[in-house]
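Taking it in order: structure first as structure tokens, then the write-up.
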Amino acid sequence: MKLLLNLLRILVGVLFIFSGLIKANDPLGLSYKMDEFFEVLHLTFLSPFSLVYSVTMNTFEIVAGVAVLLGYRMRIFSVLLLLLISLFTFLTAYALFSGTIRECGCFGDCIKLSATETFWKDVALFVMILVIFIYRKRIQPVWGEKPTNALMIVGLVGSLGLQWYTLEHLPIVDCLGYKIGNNIPEKMKLPAGATPDVFETVLIYKKDGKEKEFTADNYPWSDSTWVFVDRKDKLIKEGSGEPPVKDFILTDMDGVNQTQAILSEAQPVYLFLVQNVKKAGSGWDKKMQALQQQFKEGKIYIYGVTASSKEDIAAFSKEHGIEFPFVQMDGTAIKTAGRSNPCLILLEKGTVKGKWHYNDIP
């Protein structure tokens, strides 16, 4: 039993540290995935705190992994781990059997697992942690109190420090489709041999206090007493792959698609991503104004990219002395392209040549 417990401790500890470090590299990405869960579970009141939850969860995963490896206070950490893996298993089961969430983000964007793979991974972890919990009294610390406490502090400070750094700059390892070196037009294509997802439009109507879902095939066209509530796209056949870059569609303020023109431009093109102009960070004004001078001299192109309204864009431009034009793009696509608000991307004929957090704009 001792050999089995030690083996399980190593497996669980290493996996939790690995999982925590991958997500700590991009805590904003996990917070966006949490927002997705909050929406489908009708817990949107928790969304304003998703980044706090993300940082806390990543930190706990790393610290708990270190604790399991060291055999540190197993009576406490075995209980906490069992509660955490129970929550994870519930969420991954919900994602799998409801079909509302395709990926759970357990390993961030660097290692993508399907809902099925994630669920069975959590089931296996649940069994391992349950064994550790049952025999927790048999697990003794590997080293003495002082070195163990020191390593626990290193795990705590290191996990928080890594996440602070990535939030103040950008992820150290960029696993997204917009990383430096990627050609966006190429990344917008499906991988060779892959098939796209097939969706069906579902209409939700209400009658006599009860809601019901309809498709175009079974909608009661002759019954006008049904009241429209909502519509959604339901996945009916999962594809075998998807393009790394999705929804990269740039339109001007009149709704005209400018994507191809911008991606094929021969001169360097800077995209100044501001997902929400009302929530933009500060301290970048002088740097962008200096870059704007090159735009005025005809050396480069600059486009602001946002999901905000025309009125908000006008007020934002006036406040920060911005004279370059803005185009609009889906807010989720903007958050995926740049993990800061604002974020600056340099394109050369559609290829990403540079990417900067607003704190690091050159």
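The values are calculated or read from the model by the stated rules, or taken from the named source; none is laboratory data. Predicted model, so just to flag it, every value in this text is computed and none were measured. Cβ atoms come from the backbone with ideal geometry, glycine included; neighbour counts cover every protein chain shown. Ligands, DNA and RNA are excluded from the accessible area calculation, which covers all protein heavy atoms including side chains. Shrake-Rupley method; radii C 1.70, N 1.55, O 1.52, S 1.80 Å.
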**Message:** For the structure I just gave you, tell me whether VAL55 is among the β-branched types (Val, Ile, Thr), part of a helix (DSSP H, G or I), open to solvent by 20 Å² or more (accessible area, probe 1.4 Å) and over 24 Å from ALA115 (Cα atoms).
**Reply:** no
**Request:** Please specify each residue of the stretch 39-52 satisfying the condition of being surrounded by fewer than 19 Cβ atoms within 10 Å (Cβ to Cβ) and either of a type in the set (Ser, Thr, Tyr) or farther than 18 Å from GLY108 by Cβ (or both).
**Result:** GLU39, VAL40, LEU41, HIS42, LEU43, THR44, PHE45, LEU46, SER47, PRO48, PHE49
**Request:** Determine the pairs where a residue that is part of a helix (DSSP H, G or I), located within the stretch 1-28, has a partner that is of a type in the set (Gly, Ala, Ser) with Cβ atoms under 6 Å apart, the partner being 6 or more residues away or on another chain.
**Result:** GLY13/GLY65; PHE16/ALA64; PHE16/GLY65; ILE17/GLY65; ILE22/GLY108; LYS23/GLY108; ALA24/SER159; PRO27/SER54
**Message:** Would you confirm whether or not the stretch 9-19 contains a residue that is of a type in the set (A, V, I, L, M, F, W, C) and within 18 Å of SER340 (Cα to Cα)?
**Reply:** no
**Prompt:** Can you pull out the residues in the stretch 336-349 that are buried (at least 19 other Cβ atoms within 10 Å of the Cβ), outside any strand (DSSP E or B) and in contact with a strand residue (DSSP E or B) (Cβ under 9 Å, 6 or more places away or on another chain)?
**Reply:** ALA337, GLY338, ARG339, SER340, ASN341, PRO342
**Request:** Report whether or not PHE272 is under 21 Å from GLU168 (Cβ atoms) and touching a strand residue (DSSP E or B) at 6+ places or on another chain (Cβ under 8 Å).
**Result:** yes
**Request:** Could you tell me which of the residues PHE18, PHE60, PHE77, PHE88 is surrounded by fewer than 18 Cβ atoms within 10 Å (Cβ to Cβ) and not hydroxyl-bearing (Ser, Thr, Tyr)?
**Result:** PHE18
**Prompt:** So is VAL256 within 22 Å of PRO342 (Cα to Cα), within 29 Å of the chain's Cα centre (by Cα) and modelled with pLDDT of 85 or more or not?
**Reply:** no
**Asked** Got a number for residues in the stretch 220-231 being over 8 Å from TYR205 (Cβ atoms) and of a type outside the set (Lys, Arg)?
**Response** 7
**Item:** Any chance GLY108 is outside any helix (DSSP H, G or I), open to solvent by less than 40 Å² (accessible area, probe 1.4 Å) and either among the small types (Gly, Ala, Ser) or touching an Asp or Glu at 6+ places or on another chain (Cβ under 8 Å) (or both)
**Value:** yes
**Request:** Kindly indicate which of ASP360, ASP312, ASP330 is without any contact (Cβ under 8 Å) to a residue 60 or more places away in the chain, under 27 Å from the mean Cα position of the chain (by Cα) and on the phi < 0 side of the Ramachandran plot.
**Result:** ASP312
**Request:** Report, by residue number, each residue of the stretch 299-308 that is surrounded by 13 or more Cβ atoms within 10 Å (Cβ to Cβ) and either of a type outside the set (Gly, Ala, Ser) or free of Cβ contacts under 8 Å to residues at least 12 places away in the same chain (or both).
**Result:** ILE300, TYR301, ILE302, TYR303, VAL305, THR306
**Request:** Answer yes or no as to whether GLU39 is in a helix (DSSP H, G or I), of a type in the set (Asp, Glu) and farther than 26 Å from PHE133 by Cα.
**Result:** yes
**Prompt:** Out of the residues in the stretch 260-288 that are of a type in the set (S, T, N, Q) and over 21 Å from LYS349 (Cα atoms), which is least open to solvent (accessible area, probe 1.4 Å)?
**Reply:** ASN276
**Asked** Which number in (1) surrounded by 18 or more Cβ atoms within 10 Å (Cβ to Cβ); (2) more than 22 Å from LYS179 (Cβ to Cβ); (3) in contact with an Asp or Glu (Cβ under 9 Å, 6 or more places away or on another chain) marks the one condition that LYS296 misses?
**Response** (1)
**Message:** Taking the condition of being without any contact (Cβ under 8 Å) to a residue 12 or more places away in the chain and of a type outside the set (Val, Ile, Thr), how many residues in the stretch 47-61 meet it?
**Reply:** 2
**Prompt:** When the residues of the stretch 111-134 are filtered to those that are part of a loop (DSSP other than H, G, I, E, B) and without any contact (Cβ under 8 Å) to a residue 60 or more places away in the chain, which remaining residue is surrounded by the fewest Cβ atoms within 10 Å (Cβ to Cβ)?
**Reply:** SER114
